[in-house]
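First up is the structure itself, then whatever we jot down about it.
The values are calculated or read from the model by the stated rules, or taken from the named source; none is laboratory data. Since the structure is predicted, the reported quantities are computational estimates derived from the model, not experimental observations. Every residue, glycine as well, gets a Cβ built from its backbone with ideal geometry; the counts of neighbours run over all protein chains shown. Calculation scope for accessible area: heavy atoms of the full protein, side chains included, ligands and nucleic acids excluded. Shrake-Rupley method; radii C 1.70, N 1.55, O 1.52, S 1.80 Å.
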Amino acid sequence: MRHTISVFVTNEFGVLSRISGLFSGRGFNIESLTVAETMDPEISRMTIITRGNDKILEQITKQLNKLISVIKVHDFTNEKHIERELAMIKVSHKTENRAEILSIVEIFRGRILDISPKSYTIEITGACEKIEAITEILRPFGIKEIARTGSLVIGRSPK
Amino acid sequence: MTKNKTMTGAEIFIQCLIAEEVKTIFGFPGGVLLPVYDVLYDGPIEHILVRHEQGAVHMADGYARVSGKPGVVLVTSGPGATNTVTGIATAYMDSIPMVVFTGQVPTALIGNDAFQEADIVGITRPCTKHNYLVKDIKDLTKIIKEAFYIATTGRPGPVLVDIPKDIFTGTTVFNYPDKVSIPSYQPTYKGHPGQVKKALDFILKSKRPVVYAGGGVLLSDASKELTKFSEKLGLPTTTTLMGLGGFPGTHPLHMGMLGMHGTYAANMAVTDTDCLIAIGSRFDDRVTGKIAEFAPYAGVVHIDIDPTSISKNVKVDIPIVGDVKKVLKEMITALPKAAELKKFRKGISEWSGEIQKWSTEHSLTYDRSGKGNIKPQYVIEKLYELTKGDAIITTEVGQNQMWAAQFYKFDKPRTFLTSGGLGTMGYGLPAAIGAQIAFPRKTVIDIAGDGSIQMNIQEIATAVQYRLPVIVAILNNMVLGMVRQWQELFYDKRYSHTCMSVAPDFVKLAESYGAAGFKVTEQEDVEKVIKSALKIKDRPIIIDFRVEPFEGVYPMVPAGQPINKMLLV
């Protein structure tokens, strides 16, 4: 099962390799990992997408917590949360399909960031599935390059 | 203490060690450490000069295991640092408190492939509890304080601190922090009262309970509490290799060690139990054998300070996260009245009888006829007898280790030192040296094999230099015995590269180092030579026991089999 975990860590040198080393050393899987400072510059937030059964997830959470640099681990999987990823997609265009590409971008609420005689660079934000959906739809036009951030996650505030 | 005084980093480093009450460090100098060694020259810290940095780490490890205090290592950058890795990994697997200080090239050169530069923080990240690179002299005291705190609290372990040369030569005002505050590191010591109660209720309802105690009992200094707990409830108790000495080896409730080379009684009891009480143990694969058939009828209670140990290999029904000593005290306090305990003990008497029967029918044994070559088990029994069970025993890894575990009865904690988790050949001699330095008057014996001893034999020179009467009892069978045993049983006796026909003359080797050397070829001479060795008090002793080359370690559970499927003698 896919899990989205936020890991709050002390913002110090080497911390990223402590986390990634734990995953590789213990054979855990990382689908994506993003990291940036929080409001407190001494703390960074990592968002990790991983897969595994309950037993593996229990170990991942516990092993992360065991690291001295880890302040908090939060698995968002079983609670309401918002997940977003940003992708920039460079897709080829020709005279006859420009309008079609633009309408696809509009449907997905994307933006055109850059236009060249042969390609559009599209910015798209959304959950992982949305990014994958537009990628599939754009693929027949000829995708030249994709850059993705990996997922970010935040819990929904109580109503 | 000299506070608020401006000092060099090297002086501050030594002051920090003094503040941490470090008496002895194990080290080897080098280029980037010159400023520190210059300060060391004036005392008061005792420095043991080793012959190889791996030896330094195992010595600090042995020192820590017998004394309970953190072992401290000081080595130089590059190869000095990389040579410590096996020792650090050994300590990490067995949760030994240790602080390793490595010199590093000056800050400005880091990353430049400088002379004797190695990214030791990167290299040791997966085998330390935590590690640091000191980048600013102002952080030096805080980092050292944290390093000792992390190494010795919670589940102990090695911590490495990498210190560049310019930090040692820089100056700042010395102030050692009184307290440590690491918000992200808050080990749980006290057991949850609800879980303690739940566990006790479950234990008291059981009919076939077993205690399975591990190294955590020793690390937490809880052997008294464990003994009391087992006695009050009359619980049959087995220990892991790491747990030997945590429960008296000669106690009537002790079933011996369990696992791959465990006793028949312990392995059968764990297989049939309805209530497995795991205390400071971690369900290692050498203990469980085939995991799906391990303790198949048991509800599992697990006391451990490390939450990651719980339900890692075996599903735990009642976990109690906490310090073993504290939790056992809580459990003893919560025990019911004497009458009810008596009733419980009576209720499990049939079970205890069954275990007793297993113990008698299949006790640890070997050919005691006295015919033929010296039996290695006989040597260990003689060592036990002649030291009255009061020696500190270290081992190398392999058959020597298993025979030592089986045939020396450890009644006291912190008297059996062995590389349990990592299985490091070459551990025993330096560990024995570390133990001897911690307890100069104790008899310390390294039970070795002819293969393992050659992995750190150079430390004999260290023992000679400091006049340490460590006894190295080599069970010399001219082969890498444990691997050979597997080849005999599972690889059609194809003895691929396990024959060590070329070895030094250990007596001459000992003498060339300035140690005493003995060679024993007849079983009838074993006792006499051990007695002579025990009289020597001013230098190390190597005894070359020429033992039966084809002797095997039994019982044995073949890898991947359930532990009740043992090959017996």
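Okay, here's what the table says:
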read-out: Taking chain B and dividing mean pair separation by its residue count, relative contact order in percent (alpha carbons under 8 Å, at least six apart); value: 14 percent
read-out: Pairwise FRET efficiency - A:L16 versus A:A99, Cβ, R0 = 41 Å, nearest 0.05; value: 0.40
read-out: Part-to-part distance (alpha-carbon centres) for the stretch A:1-68 and the stretch A:113-159, which is given in Å; value: 24 Å
read-out: Modelled FRET efficiency - R0 51 Å, B:Q561 with B:V180, Cβ distances, 0.05 increments; value: 0.65
read-out: B:F148, A:F108, reordered so the largest accessible area comes first (probe 1.4 Å); value: A:F108, B:F148
read-out: Share of carbon and sulfur in the accessible heavy-atom surface of the stretch A:56-155 [1.4 Å probe, %]; value: 56 percent
read-out: Charge dipole magnitude, Cβ of K and R +1, D and E -1 - chain B, Cα centre, debye nearest 20; value: 1780 debye
read-out: Charge dipole (the protein assembly as shown, unit charges on Cβ, about Cα centre) - positive-most of B:T263, B:P319, B:A60; value: B:P319
read-out: At least 30 Å² accessible surface lost relative to isolated chain, residues of the stretch B:180-197 (1.4 Å probe); value: B:S184
read-out: Residues of the stretch A:55-79 buried by at least 50 Å² on assembly (accessible area, 1.4 Å probe, chain alone as reference); value: A:K55, A:Q59, A:K62, A:K66, A:I68
read-out: Antiparallel %, DSSP beta bridges [both residues in the stretch B:426-552], to 5; value: 5 percent
read-out: Interface area, B with A, accessible, probe 1.4 Å, both sides summed, Å² nearest 100; value: 1500 Å²
read-out: Residue-by-residue Karplus 3J(HN,Hα) for the stretch B:357-372, coefficients 6.51, -1.76, 1.60, Hz, glycine and proline x; value: 5, 4, 4, 6, 5, 10, 7, 5, 8, 7, 6, 9, 5, x, 8, x
read-out: Surface share of carbon and sulfur [accessible, 1.4 angstrom probe, percent] for the stretch B:438-569; value: 53 percent
read-out: Dipole axis of the stretch B:473-554 (+1 Lys, Arg; -1 Asp, Glu on Cβ), positive-most option in B:V547, B:Q487, B:A473; value: B:A473
read-out: Selection from A:Q63, A:I146, A:P117, by position along the positive dipole direction of the stretch A:51-149 (Cβ); value: A:Q63
read-out: Label-to-label distance, nm, for residues given as B:D492 and A:K55 (7 Å Cα→Cβ offset); value: 3.5 nm
read-out: Neighbouring partner chain Cβ atoms per residue of B:121-133, average, 10 Å criterion; value: 3
read-out: Average accessible surface area per residue within the protein assembly as shown, 1.4 Å rolling probe, Å²; value: 43 Å²
read-out: Between the stretch B:253-318 and the stretch B:529-569, the Cα center-to-center distance that results, in Å; value: 25 Å
read-out: Nearest-20 debye value, the protein assembly as shown charge dipole, Cβ charges on Lys, Arg, Asp, Glu; value: 1780 debye
read-out: Relative packing of peptides B:310-322, B:426-438, B:183-195 - highest average C-beta neighbours within 10 Å first; value: B:426-438, B:310-322, B:183-195
read-out: Nitroxide proxy distance, nm - points 7 Å out along Cα→Cβ at A:R109 and B:K412; value: 7.3 nm
read-out: Förster-model FRET efficiency, 30 Å R0, B:A292 and A:N65, C-beta, rounded to 0.05; value: 0.60
read-out: Helix-derived mean residue ellipticity, 222 nm - over the protein assembly as shown, DSSP H n ≥ 4, -39500 (n - 2.57), to 500; value: -10000 deg cm²/dmol
read-out: C-alpha center-to-center spacing [the stretch B:69-99, the stretch B:455-480] in angstrom; value: 20 Å
read-out: Theoretical gain in end-to-end length, B:E231 to B:A503 [0.36 nm per residue, Cα-Cα removed]; value: 93.1 nm
read-out: Inter-label distance for A:S92 and B:D201, nm, one decimal - labels placed 7 Å from Cα along Cα-to-Cβ; value: 7.1 nm
read-out: Test item: Cα-centred dipole of chain A, Lys/Arg +1 and Asp/Glu -1 on Cβ, debye; value: 180 debye
read-out: DSSP beta bridge pairing in the protein assembly as shown, given as percent antiparallel to the nearest 5; value: 40 percent
